[in-house]
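First up is the structure itself, then whatever we jot down about it.
The values are calculated or read from the model by the stated rules, or taken from the named source; none is laboratory data. Here the structure is a predicted model, which means the values were calculated and not measured. With ideal geometry, Cβ positions are generated from the backbone for all residues, glycine too; neighbour counts draw on all protein chains shown. These accessible areas exclude ligands, DNA and RNA; they are computed on the full protein's heavy atoms, side chains included. Shrake-Rupley method; radii C 1.70, N 1.55, O 1.52, S 1.80 Å.
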Amino acid sequence: MFIRITNLPDKSMKVLFIGGTGNISTSVSKLAVSRGIELYLLNRGRQSSPIPGTNTIIADITKPDEVSAALKGHTWDVVVNWIAYVEEEITRDFELFYNRTKQYIFISSASVYQKPLLSPVITESTPLKNPFWQYSRNKIACELRLNRYYRERDFPVTIVRPSHTYDTIIPVTIGGGHEYTAIDRMKKGKKIIVHGDGSSLWSLTHSEDFAKGFTGLLGHHGAIGHSFHITSDEVLTWDQIHHIIADAAGCTADIVHISSDLLALYDEELRGSLLGDKSMSVIFDNSKIKQFVPGFTATIPFTEGIRRTLARFEADPARQQVNQSTNEWIDFVIDQYEKAYPLEKES
Ligand SMILES: NC(=O)c1ccc[n+]([C@@H]2O[C@H](COP(=O)([O-])OP(=O)(O)OC[C@H]3O[C@@H](n4cnc5c(N)ncnc54)[C@H](OP(=O)(O)O)[C@@H]3O)[C@@H](O)[C@H]2O)c1
């Protein structure tokens with residue numbers, strides 16, 4: 001049970017996003033501007049078109065002198081770092097923003113939650129532990145350091161843990177992300193790999209839905225010292241996810257199920273993202289964000305969200321990047337698997 005602490009957003013808030021033009025943060029930037037927030041985006045300016053209504057500060061966050069010069073004289077109502085991954089970056093941010101911001105929001109990851117999970121239902125109180133993925137352990141270390149800064153130095157920290165959130169990425173593990181490989185294979189009638197038996201439960205959140213919850217935390221005094229995840233309440237199996245994507249792409253999904261353990265043996269990189277994340281059945285309990293941001297609910301079903309994502313890829317052939325080495329890897333793994341287990345072919 002949480003006490004409802006309503007937030008009256010101060011429309012004149014001055015907010016800094018480090019990043020702000022990425023897969024998740026672009027939607028948040030757009031919504032924040034539409035709500036009257038004075039928004040500054042610090043990035044290297046590599047995106048082709050700036051987000052209307054934002055003020056861009058061109059700097060590389062890894063270059064301290066450049067950043068100090070660019071931020072000189074500014075104070076902030078909120079600073080959000082979208083692109084901090086290791087503890088040293090938190091130490092740097094503390095030095096940059098201590099006494100210069102009324103709220104500091106760290107973008108963590110829902111992959112920090114206990115693996116293997118003891119319960120599929122995840123709340124913000126689920127323990128943080130991930131022996132499978134260094135990325136998640138680094139995010140946990142960032143969170144722990146920020147909690148210390150909050151307790152010992154009054155640094156006004158809020159932690160937000162996105163789970164799998166999409167807009168400009170294709171949300172599948174093998175051949176997705178910024179790649180178009182999985183879609184290209186489906187369109188050509190080639191087999192694709194789905195981990196496990198395709199029945200584990202997962203949630204995919206469109207960035208515009210995430211943005212609705214997230215902007216409610218900006219300048220929210222009650223959110224200081226708290227952690228939140230923000231996800232859709234829609235729960236899908238991985239088979240459903242692939243079939244919905246195929247349907248949106250106008251084709252069918254020819255799925256080969258291969259265990260996550262085996263896939264992780266074929267590619268060490270998958271140990272983290274599968275065993276430490278996507279192979280688990282998860283059901284996110286979003287009660288906390290709904291308590292703190294009254295009215296928040298995700299409204300974009302995956303059937304609709306993925307159509308928007310695919311339309312964006314289809315609008316520009318340059319975005320349809322098919323990775324030949326991913327293709328060869330998928331063909332190799334399926335070939336090995338079917339040679340080892342030929343029963344399906346014979347029946
Ligand atoms: N998507 C998911 O499913 C998911 C799940 C869990 C957690 N997360 C977390 O979400 C965050 C990513 O958010 P996002 O998707 O919006 O970001 P993103 O797509 O990774 O975008 C990166 C942003 O950072 C800027 N940037 C990159 N390197 C920079 C540098 N050296 N100096 C200054 N700016 C730099 C980029 O602009 P320029 O290139 O112009 O500099 C861009 O604005 C990460 O912390 C990740 O761990 C994501």
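Checking the structure you have, find out if any residue of region 77-92 is over 21 Å from Ile24 (Cβ atoms), of a type outside the set (Phe, Trp, Tyr) and in a loop (DSSP other than H, G, I, E, B).
no
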Discussion item. Suppose we filter region 106-127 for residues that are farther than 24 Å from Pro156 by Cβ and among the acidic types (Asp, Glu); how many remain?
Written reply: 0
Discussion item. Please determine whether any residue of region 323-341 is open to solvent by less than 60 Å² (accessible area, probe 1.4 Å) and within 19 Å of Thr168 (Cβ to Cβ).
Written reply: yes
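With Lys115, Lys139 as the choices, which residue is open to solvent by less than 20 Å² (accessible area, probe 1.4 Å), within 16 Å of the ligand (Cβ to nearest atom), assigned to a loop (DSSP other than H, G, I, E, B) and in contact (Cβ under 8 Å) with a residue 40 or more places away in the chain?
Lys115 is the lone residue from the list that is open to solvent by less than 20 Å² (accessible area, probe 1.4 Å), within 16 Å of the ligand (Cβ to nearest atom), assigned to a loop (DSSP other than H, G, I, E, B) and in contact (Cβ under 8 Å) with a residue 40 or more places away in the chain.
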Worksheet item: Just for region 146-178: of the residues that are among the charged types (D, E, K, R) and buried (at least 20 other Cβ atoms within 10 Å of the Cβ), which one is farthest from the chain's Cα centre (by Cα)?
Response: Asp167
Worksheet, complete the sentence: Taking region 187-215 and keeping only residues that are more than 16 Å from the ligand (Cβ to nearest atom), part of a loop (DSSP other than H, G, I, E, B) and either open to solvent by less than 10 Å² (accessible area, probe 1.4 Å) or under 17 Å from Ile300 (Cβ atoms) (or both), one is left with Gly198
Discussion item. So the check is Cβ under 7 Å with 6+ separation or different chains; which pairs have a first residue in region 16-36 that's open to solvent by 10 Å² or more (accessible area, probe 1.4 Å) and a second one that's at pLDDT below 95 and away from the ligand (no atom under 12 Å from the Cβ)?
Written reply: Arg35/Pro9; Arg35/Lys11; Gly36/Lys11
Worksheet, complete the sentence: When region 220-237 is checked residue by residue, the ones that are assigned to a strand (DSSP E or B) and open to solvent by 10 Å² or more (accessible area, probe 1.4 Å) are Ser227, Leu236, Thr237
Fill in: Test: Phe97 is over 12 Å from Phe17 (Cα atoms), within 16 Å of the ligand (Cβ to nearest atom) and crowded, with 20+ Cβ neighbours inside 10 Å
yes
Discussion item. Out of the residues in region 48-70 meeting the condition of being open to solvent by less than 40 Å² (accessible area, probe 1.4 Å) and not aliphatic (A, V, I, L, M), tell me which one is farthest from the ligand (Cβ to nearest atom).
Written reply: Thr54
Worksheet item: Checking Asp254 against (1) closer than 23 Å to Thr205 by Cα; (2) open to solvent by 50 Å² or more (accessible area, probe 1.4 Å), which single condition isn't satisfied?
Response: (1)
Worksheet item: Out of all the residues in region 263-279, is one or more of a type in the set (A, V, I, L, M, F, W, C), outside any loop (DSSP other than H, G, I, E, B), open to solvent by 50 Å² or more (accessible area, probe 1.4 Å) and modelled with pLDDT of 95 or more?
Response: yes
Discussion item. When you check Glu314 against the structure, is it closer than 27 Å to Ser232 by Cβ, open to solvent by 60 Å² or more (accessible area, probe 1.4 Å), not basic (Lys, Arg) and not in a loop (DSSP other than H, G, I, E, B), yes or no?
Written reply: yes
Worksheet entry | Criterion: on the phi > 0 side of the Ramachandran plot, within 16 Å of the ligand (Cβ to nearest atom) and either aromatic (Phe, Trp, Tyr) or assigned to a loop (DSSP other than H, G, I, E, B) (or both) - qualifying residue of Gly73, Gly20 | Gly20
Worksheet, complete the sentence: Quick count over region 23-47, residues being under 16 Å from Ile57 (Cα atoms), within 13 Å of the ligand (Cβ to nearest atom) and not in a helix (DSSP H, G or I), is 9
